[in-house]
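Quick note: the coordinates plus some simple rules give every number you see, no bench work behind them. The model shown is predicted, which means the values in this text are computed figures rather than measured ones. Glycine gets a Cβ as well: all are built from the backbone with ideal geometry, and neighbour counts include every protein chain shown.
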Amino acid sequence: MTIKIHVPAPLRACCEDASELMLSAPSVRAALEQLERSHPSLYRSICDETGTVRRHVNLFVNTSHVRDREGLDTPLVPGDVIMILPAISGG
Amino acid sequence: MPDRVILCIGTKKGLFVAEAQKTRRSFALRGPFGSGVAVYAALIDTRGTPRLYASSCNAFFGMKVLRSTDLGKEFKETKSAPAFAKEDGRALANIWSLEAGDRKNDLWCGVEPASLFRSSDGGDSWEMVPGISNHAHARKWQPGNGGLCMHTILRDGDRVHLGISTGGHYLSEDGGTTFTASNHGVGAGFAPDPYPEFGQCVHKIARHKDAPGRLYMQNHGGWAEWDGPGGPRPDIGVLRSDDYGRTWRSISKGLPSDFGFPIVVHPQDPETVYVLPLEPTTRTCPGGAPAVWRSEDGGGSWRRLARGLPKKESFFTVQRDAMDMDELKSPALYFGTTTGQLWIGRDDGEEWSCLFDSLPPIHCVKVAVV
């Protein structure tokens, strides 16, 4: 079950400048667990030490925010794209 | 021979590095590094080939540690930042202090929520110090306005002093294995007990490296008008210890306010100490006229140093780590403001001028001669 993770520009230094990562995972949570093993620095930029997705990071599966689906348990199907997007905030 | 003065300026929008010849006539600015991301802590490690470190508090993607091996021409992230164990339940919110350890690559790091980490490889990996991070008091400390931060790490052999806001002063005499709250004489204006065992809002602690028994503290003062239970608590803001921090006494008399954030000791004279008093309610310069105050007798008396600083209509704040002093023969003081100005006080603070007047809000200023 191959899915794609789109990596935003500020985080590409965590994965050898890759803009996309391909992996196989049945859910968003499983995808993050794989990232924790394969790209710990990228994972740590998405989730804090408790495993919680950082407050100003949004995860989308295709066009749906995971909070509007089943959170980290949102299932994935082949061809899905997980997008990591920083929230619009700051000053 | 040292021939350059290096300034690290941590701001809301990244780290700036300024460099000057020993004459300090003009400083060249470079940066921002870690662009757009707040920097609350910096370290100029002068042991061997100098290294510059800075925290980078990314609101989106978490904490990073930046490192430069070429005096701040280029910075790279270290391989990791301090992190709590997953089962700990705490998550790193900020890095507030970076200090050099004993060996070349040893670093100490104070973080928010208040905890201590150590690295033995120049910041690539970190280990939590349980003696303070899991201290019986740790889950009882409360965050101050700036967060629950460990902002001061002072070391003298096996003696380690920590400053925590709001937790107070903690002392280890076994190299950091165990810590004891050591706040006798340190007041708290915001607690029913004016002198609790711990929980004080310590803003900064400083000392001269060759006089380790003498410590100075800028505590959270400004409680002279308090009319609640326990009555007024004047002069609890600026303190001194002569017994390695076991007991503290006020040296606030003569200052326009005992509230402030930074406190700095002269590099050649342990009796000379500097504070920057602020009005306790606004945390801005008294009367809109900023001044550094210097004592040359260990806090017995104070003198106002303001020549060259604005005389009116100036309402900035200087944060706890935003004042430092170089170690040249006639040392200069430096402070950065929340309005983005970087000031230099040449000749021991006698004559002030603005080096940079439109930086982002400044959180920390560190200086070294390399």
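Details
- Some residue of the stretch B:18-25 being surrounded by 23 or more Cβ atoms within 10 Å (Cβ to Cβ), in contact with a strand residue (DSSP E or B) (Cβ under 7 Å, 6 or more places away or on another chain) and more than 28 Å from A:Ser45 (Cβ to Cβ): yes
- Residues located in the stretch A:1-39, provided they are loosely packed, with under 13 Cβ neighbours inside 10 Å, among the charged types (D, E, K, R) and either assigned to a strand (DSSP E or B) or within 12 Å of the chain's Cα centre (by Cα) (or both): A:Glu20
- Considering the stretch B:69-86, and only residues there that are at the interface with chain A (Cβ under 7 Å from one of its Cβ atoms) and surrounded by 19 or more Cβ atoms within 10 Å (Cβ to Cβ), the residue that is nearest to B:Arg47 (Cα to Cα) turns out to be B:Ala83.
- Among the residues making up the stretch B:111-126, a single one is touching a residue at least 60 places away in the same chain (Cβ under 8 Å) and under 18 Å from B:Val202 (Cβ atoms): B:Leu116.
- Checking B:Ser353, B:Ser358, B:Ser314, B:Ser330 one by one, the residue that is touching a Pro at 6+ places or on another chain (Cβ under 6 Å) and over 18 Å from B:Tyr216 (Cβ atoms) is B:Ser314 and no other.
- The stretch A:52-78, subset among the charged types (D, E, K, R) and within 14 Å of chain B (Cβ to nearest Cβ), residue nearest to the chain's Cα centre (by Cα): A:Arg54
- Only residues that are within 11 Å of another protein chain (Cβ to nearest Cβ) and either within 11 Å of the chain's Cα centre (by Cα) or under 15 Å from A:Leu11 (Cβ atoms) (or both) were counted across the stretch A:79-91, and they come to 4.
- Tabulated pairs, the stretch B:40-62, first away from every other protein chain (no Cβ under 14 Å), second among the acidic types (Asp, Glu) and part of a loop (DSSP other than H, G, I, E, B), C-beta under 9 angstrom, 6+ apart or interchain: B:Leu52/B:Asp70
- Selection from the stretch B:224-248 of residues that are crowded, with 17+ Cβ neighbours inside 10 Å, out of contact with any His (no Cβ under 9 Å at 6 or more places or on another chain), under 13 Å from B:Phe259 (Cβ atoms) and not hydrophobic (A, V, I, L, M, F, W, C): B:Arg233, B:Pro234, B:Asp235
- Cβ pairs under 8 Å, 6+ apart, first in the stretch A:9-23 and on the phi < 0 side of the Ramachandran plot and within 14 Å of chain B (Cβ to nearest Cβ), second surrounded by 11 or more Cβ atoms within 10 Å (Cβ to Cβ) and of a type in the set (Asp, Glu): A:Ala13/B:Glu77
- Complete set of residues in the stretch B:313-347 that are charged (D, E, K, R), closer than 16 Å to B:Ile263 by Cα and not in a loop (DSSP other than H, G, I, E, B): B:Asp321, B:Asp324
- Considering only residues in the stretch B:339-356 that are among the small types (Gly, Ala, Ser) and surrounded by fewer than 21 Cβ atoms within 10 Å (Cβ to Cβ), the one that is nearest to B:Phe27 (Cα to Cα) turns out to be B:Ser353.
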